[in-house]
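The values are calculated or read from the model by the stated rules, or taken from the named source; none is laboratory data. Worth saying up front: this structure is predicted, and the values here are computed from it rather than measured. Here the Cβ positions follow ideal geometry from the backbone for every residue, glycine too, while neighbour counts run over all protein chains shown. The area values use the complete protein model at the heavy-atom level, side chains included, leaving out ligands, DNA and RNA. Shrake-Rupley method; radii C 1.70, N 1.55, O 1.52, S 1.80 Å.
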Amino acid sequence: MNSPAHASGRLVAYGCLALSMSLVGGYVALSKPLVAAFPVLLLAWLRFGIAALAMPHWLKRAPDEPPMTSRTRWLVFLESFLGNFMFSICMLFGVSLTSAVSAGVIMASIPACVAVASWLFLRERITVRIGLAIACAALGIGLLALSPAHAPASPSASSTSMPWLGNLLVFCAVLCETAYAVIGKSLTGRLGPKRIASLINLWGFALSMPFGIWFALQFDFTAVRFGTWALLVAYALAASIWTVWLWMTGLRHVPAAQAGVFAVLLPVSAALVGVLVLGESLSSPQLVAFVVALIGVVLATWPGRRT
């Protein structure tokens, strides 16, 4: 039987995981105005740089934390390259070419992808329920691909809007997020949440630096409005600090498969921000795809009966 303290710790972990995924979905949708104002690679560099200025004290090793081994360093690099750097690039390019609602539907496939990755790398068994969840995720993405594309919000957007390519890039971001979840579970047993967040952000800053400097030398920063700068700071803090720390904190106390249930909040918050804040419409095929994808999420991550 679980003690009250253990149950309370689980509730706090669940809250961290839920808030983390909600913030991810929110900043995925709100990044659309940012990619309209900044080149994607410059935006990624600015994001990592702003976050690096906010958490240098998180780089210090805790007294009870063991020194990093070569394997841990390699995992930290992969966590940053796949789950931080490549996720940001694919997601930012993707949402610039498709809608936030479509991105939310595609990201609903994250739990099913995590289930497959857990079977491949963590030797977790895929049950019939997980197989059905994978099928639902595939069906949801298929329905989305067959749904009519959104009309562009402005004439300038019509020349750059490529929904099929945007959807493909968002799905690549899903694969990167899957690697982030699997590798992150290994890292939480070796490093503290704050140090993980600071280290992978520092790697992201280093990886994006050559592209960021090249675009910065050609970019007119004076043309960016104050509101856009404020949104950029909020995006950087949410994407590189708050969501990572919250996710790693919750993941330390919750099994990876069970933590996946909170990924349902990512597509929900992305779609809600797209509809309520960005003024996007939710078509009938997208609504059906969204519901099917969420059914897959529930099937993939609903806790099994304990013995």
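Residues of segment 76-88 being aliphatic (A, V, I, L, M) and either open to solvent by less than 20 Å² (accessible area, probe 1.4 Å) or modelled with pLDDT under 85 (or both), which ones?
So the first thing to find is which residues in segment 76-88 are aliphatic (A, V, I, L, M), and the list is 76, 78, 82, 86.
Passing the criteria: only Val76.
A quick yes/no check of all residues on (1) within 24 Å of Val101 (Cβ to Cβ); (2) under 17 Å from the mean Cα position of the chain (by Cα):
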residue	(1), (2)
Lys194	no, no
Ala197	no, yes
Ile200	no, yes
Ala206	no, no
Asp220	no, no
Ala223	no, no
Ala238	yes, yes
Val268	yes, yes
Ser284	yes, no
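Give me the residue from segment 46-63 that is closer than 12 Å to Arg195 by Cβ and not in a helix (DSSP H, G or I) and, out of that set, least open to solvent (accessible area, probe 1.4 Å).
This residue is Met55.
Kindly indicate whether Ala197 is assigned to a helix (DSSP H, G or I) and surrounded by fewer than 19 Cβ atoms within 10 Å (Cβ to Cβ).
Against the criterion (assigned to a helix (DSSP H, G or I) and surrounded by fewer than 19 Cβ atoms within 10 Å (Cβ to Cβ)), Ala197 does not qualify.
Restricting to segment 116-139, and then to whatever is at pLDDT below 75 and open to solvent by less than 30 Å² (accessible area, probe 1.4 Å), can you tell me which residue is nearest to Phe290 (Cα to Cα)?
Taking the candidates together, the pick is Ala137.
Need pairs with beta-carbon distance below 6 Å; first residue under 22 Å from Tyr235 (Cα atoms) and within segment 67-90, second of a type in the set (Ser, Thr, Tyr); sequence gap 6+ or separate chains.
If the second residue must be of a type in the set (Ser, Thr, Tyr), the pairs left are Gly83/Tyr180.
What tally of residues in segment 210-243 results from selecting those that are open to solvent by 90 Å² or more (accessible area, probe 1.4 Å), not hydrophobic (A, V, I, L, M, F, W, C) and not in a helix (DSSP H, G or I)?
As a first pass, look at segment 210-243 and keep what is open to solvent by 90 Å² or more (accessible area, probe 1.4 Å): 211, 214, 217-218, 222, 225-226, 242.
With the extra rule that they be not hydrophobic (A, V, I, L, M, F, W, C), the set shrinks to 218, 222, 225.
Narrowing further to those that are not in a helix (DSSP H, G or I): 218, 225.
Result for segment 210-243: 2.
Condition first: touching a Pro at 6+ places or on another chain (Cβ under 6 Å) and open to solvent by less than 10 Å² (accessible area, probe 1.4 Å). Now tell me which residues in segment 89-104 satisfy that.
The first filter runs over segment 89-104 and keeps only residues touching a Pro at 6+ places or on another chain (Cβ under 6 Å), leaving 98, 104.
Gly104, the sole residue that qualifies.
When you check Ala206 against the structure, is it more than 23 Å from Ser284 (Cβ to Cβ), at pLDDT 75 or above, open to solvent by less than 40 Å² (accessible area, probe 1.4 Å) and of a type in the set (A, V, I, L, M, F, W, C), yes or no? First the steps, then the outcome.
On the way: more than 23 Å from Ser284 (Cβ to Cβ): yes; at pLDDT 75 or above: yes; open to solvent by less than 40 Å² (accessible area, probe 1.4 Å): no; of a type in the set (A, V, I, L, M, F, W, C): yes.
For Ala206, the condition - more than 23 Å from Ser284 (Cβ to Cβ), at pLDDT 75 or above, open to solvent by less than 40 Å² (accessible area, probe 1.4 Å) and of a type in the set (A, V, I, L, M, F, W, C) - is not met.
If I go through segment 262-297 residue by residue, how many of them are open to solvent by 50 Å² or more (accessible area, probe 1.4 Å), in a helix (DSSP H, G or I), over 12 Å from Val105 (Cα atoms) and in contact with a Ser or Thr (Cβ under 9 Å, 6 or more places away or on another chain)?
Residues that pass the stated criteria total 2.
Please work out if Leu75 is touching a Leu at 6+ places or on another chain (Cβ under 8 Å) and under 27 Å from Leu191 (Cα atoms).
yes
Tell me which residues, restricted to segment 92-140, are β-branched (Val, Ile, Thr), in contact (Cβ under 8 Å) with a residue 12 or more places away in the chain and assigned to a helix (DSSP H, G or I).
Val95, Val101, Val105, Ile106, Ile110, Val114, Val116, Ile130, Ile134 - these are the residues of segment 92-140 that are β-branched (Val, Ile, Thr), in contact (Cβ under 8 Å) with a residue 12 or more places away in the chain and assigned to a helix (DSSP H, G or I).
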